[in-house]
1. Assess whether residue 75 counts as being modelled with pLDDT of 95 or more and in contact with a helix residue (DSSP H, G or I) (Cβ under 6 Å, 6 or more places away or on another chain).
2. From the list 135, 164, which residue is in the same structural domain as residue 182 (by TED's automatic domain parsing), within 19 Å of residue 188 (Cβ to Cβ) and either crowded, with 16+ Cβ neighbours inside 10 Å or modelled with pLDDT under 95 (or both)?
3. Look at residue 93 and say whether it is assigned by TED's automatic domain parsing to the domain that holds residue 197, crowded, with 18+ Cβ neighbours inside 10 Å and farther than 28 Å from residue 194 by Cα.
4. Please identify the pairs in which a residue from segment 105-124 that is closer than 15 Å to residue 93 by Cα and assigned by TED's automatic domain parsing to the domain that holds residue 197 has its Cβ atom under 6 Å from the Cβ atom of a residue that is modelled with pLDDT of 95 or more and outside any loop (DSSP other than H, G, I, E, B), counting only partners at least 6 apart or on another chain.
5. Any idea how many residues of segment 81-99 are under 15 Å from residue 132 (Cα atoms) and part of a loop (DSSP other than H, G, I, E, B)?
6. Going by the conditions given, is residue 102 touching a residue at least 40 places away in the same chain (Cβ under 8 Å), more than 24 Å from residue 177 (Cα to Cα) and in a loop (DSSP other than H, G, I, E, B)?
């Protein structure tokens, strides 16, 4: 067997496979970079179609995935909240809209509560908990199904639902976060919200409001 040191000494750059890199600039200019004689050779390839000049592939598909944290408690994006078929599929009766700049799509079909919240780490998300929780509890008492949504269904809506589970069921932050994450894997509250949820957990724990085994 050859030792690693022997393999390194015997290695030659000529053994490397020739690589090429396709580059799309923000202007839409597309080039192909290859190595030849220890120099980079740049060859321009077909230009991007007019109006499609961007250095990435935009995702224009709708996010209609709804996370069922409980049969009556859902979390999702504005896309799901604006798709009537999706709303009917999940039996939604109430909508808690915590997005910013997103209107309620079907005011005659569902019971709405709109609370515009900015998705910024410095936003005091906990200050919105009481009115959000009250609306969710009202929907539950009426045997309704409530969808909590923001713009992307990733940060604000998730933070509200995590906080609600901690408040209503005495769950620890980690347990509540895990339930919401399992229901909708895309959720990821911003760092400021995460810190506030941790503090909310600690405050509730000091007050003896937990029944979760994790504490």
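The values are calculated or read from the model by the stated rules, or taken from the named source; none is laboratory data. Model, not experiment: these values are computed from the prediction. With ideal geometry, Cβ positions are generated from the backbone for all residues, glycine too; neighbour counts draw on all protein chains shown.
1. Details: modelled with pLDDT of 95 or more: yes; in contact with a helix residue (DSSP H, G or I) (Cβ under 6 Å, 6 or more places away or on another chain): yes.
Here the answer is yes, as residue 75 does meet what is asked.
2. Working: 135 fails: within 19 Å of residue 188 (Cβ to Cβ).
On inspection, the qualifying residue turns out to be 164.
3. On the way: assigned by TED's automatic domain parsing to the domain that holds residue 197: yes; crowded, with 18+ Cβ neighbours inside 10 Å: no; farther than 28 Å from residue 194 by Cα: yes.
Spelling it out, it is not the case that residue 93 is assigned by TED's automatic domain parsing to the domain that holds residue 197, crowded, with 18+ Cβ neighbours inside 10 Å and farther than 28 Å from residue 194 by Cα.
4. Hits for this filter: 110/95; 111/94; 112/95; 113/96; 113/135; 114/97.
5. Start the filter on segment 81-99 by keeping residues that are under 15 Å from residue 132 (Cα atoms), which leaves 94-99.
Adding the requirement that they be part of a loop (DSSP other than H, G, I, E, B) leaves 98-99.
Result for segment 81-99: 2.
6. Working: touching a residue at least 40 places away in the same chain (Cβ under 8 Å): yes; more than 24 Å from residue 177 (Cα to Cα): yes; in a loop (DSSP other than H, G, I, E, B): yes.
Judged against the criteria, residue 102 is a match.
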